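Data block below; observations after.
The values are calculated or read from the model by the stated rules, or taken from the named source; none is laboratory data. This is a predicted model, so every value here is computed, not measured. Cβ: placed from backbone, ideal geometry, glycine included. Neighbour counts: every protein chain shown.
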């Protein structure tokens, strides 16, 4: 990309002199499952040479370029620096066998930290989050209630702004009926962002202008042949 990119709200400037990225990665995963208990932990560390990313101009620089033909878009240059990523993904829970079906409860958390080798945070990195889920299923019914707690992101790259945390409560219920040996009908009732929180994705280029969807409900009817 070299020019106006309306989807990101930026005038992107390419660079055909960038070097090839090189990465050294290590991942360690531990998992456990017994008598309805389950859990997993993944640790990772990635060292990237010549990491390529978009570097936004500052507000002052944007004002200085006001007379140039950028269409009012933020000027962003493709640049590269060595960078280090590290983090983890954690999940554990319990499955209860009931006469009518299976009930499951779980907790998950993930975290990633990314810094340049010479100091400073990478831009647009996702914040830490916790996910709580409660689900039930039998032969014809599946129900899932999930609560995602996303923390505030204050590890900021150059010319970035902080993003507040938010909570997202979602519900999905699916009822299936076999109409014949070859045809299955399902009705899905869902509700997303039931708390109707104003939430923003820190990894989005347009987070300040375009928040995540608010409270919404729906019904879907499906036929599977």
*Unique match (being closer than 30 Å to residue 136 by Cβ, modelled with pLDDT of 90 or more and loosely packed, with under 15 Cβ neighbours inside 10 Å) among 43, 28, 37, 103*: 37
_Between a residue in the stretch 214-225 that is over 15 Å from residue 189 (Cβ atoms) and any residue that is outside any strand (DSSP E or B), which pairs come within a Cβ distance under 8 Å, given they are 6 or more apart or on different chains?_
214/193; 214/196; 214/197; 214/198; 223/183; 224/183; 225/182; 225/183
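Every residue, every condition in (1) modelled with pLDDT under 95; (2) assigned to a loop (DSSP other than H, G, I, E, B), yes or no:
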residue	(1), (2)
188	no, no
191	no, no
197	yes, yes
206	yes, yes
210	yes, yes
218	no, no
222	yes, no
*What pairs come up if the first residue lies in the stretch 5-33 and is more than 19 Å from residue 87 (Cα to Cα), the second is exposed (fewer than 13 other Cβ atoms within 10 Å of the Cβ), and their beta carbons are under 7 Å apart, counting only those six or more places apart or on different chains?*
11/3; 11/71; 12/2; 12/3; 13/2; 14/2
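If you take the residues of the stretch 9-25 that are assigned to a strand (DSSP E or B) and modelled with pLDDT of 95 or more, which of them is nearest to residue 108 (Cα to Cα)?
Here is the first cut: in the stretch 9-25, the residues assigned to a strand (DSSP E or B) are 10-13, 22-25.
Keeping just the survivors that are modelled with pLDDT of 95 or more gives 22-25.
On the way: 22: 31, 23: 27, 24: 26, 25: 23 Å.
The selected residue is 25.
Does residue 54 satisfy the condition of being at negative phi and under 21 Å from the mean Cα position of the chain (by Cα)? Don't jump to the end; show me each part of the working.
Numbers: at negative phi: yes; under 21 Å from the mean Cα position of the chain (by Cα): yes.
Against the criterion (at negative phi and under 21 Å from the mean Cα position of the chain (by Cα)), residue 54 qualifies.
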*Look at residue 111 and say whether it is farther than 21 Å from residue 46 by Cβ, under 25 Å from the mean Cα position of the chain (by Cα) and surrounded by 14 or more Cβ atoms within 10 Å (Cβ to Cβ).*
no
*Tell me, yes or no, whether the stretch 141-159 has at least one residue that is over 30 Å from residue 55 (Cα atoms), free of Cβ contacts under 8 Å to residues at least 24 places away in the same chain and not in a loop (DSSP other than H, G, I, E, B).*
yes
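I'd like to know if the stretch 179-191 contains one or more residues that are at negative phi, exposed (fewer than 13 other Cβ atoms within 10 Å of the Cβ), in contact with a strand residue (DSSP E or B) (Cβ under 8 Å, 6 or more places away or on another chain) and without any contact (Cβ under 8 Å) to a residue 60 or more places away in the chain.
Our first condition is that a residue be at negative phi; within the stretch 179-191, this holds for 179-191.
Keeping just the survivors that are exposed (fewer than 13 other Cβ atoms within 10 Å of the Cβ) gives 179-183.
Applying the additional criterion that residues be in contact with a strand residue (DSSP E or B) (Cβ under 8 Å, 6 or more places away or on another chain) yields 179, 183.
Applying the additional criterion that residues be without any contact (Cβ under 8 Å) to a residue 60 or more places away in the chain yields 179, 183.
Among the residues of the stretch 179-191, at least one is at negative phi, exposed (fewer than 13 other Cβ atoms within 10 Å of the Cβ), in contact with a strand residue (DSSP E or B) (Cβ under 8 Å, 6 or more places away or on another chain) and without any contact (Cβ under 8 Å) to a residue 60 or more places away in the chain, which makes the answer yes.
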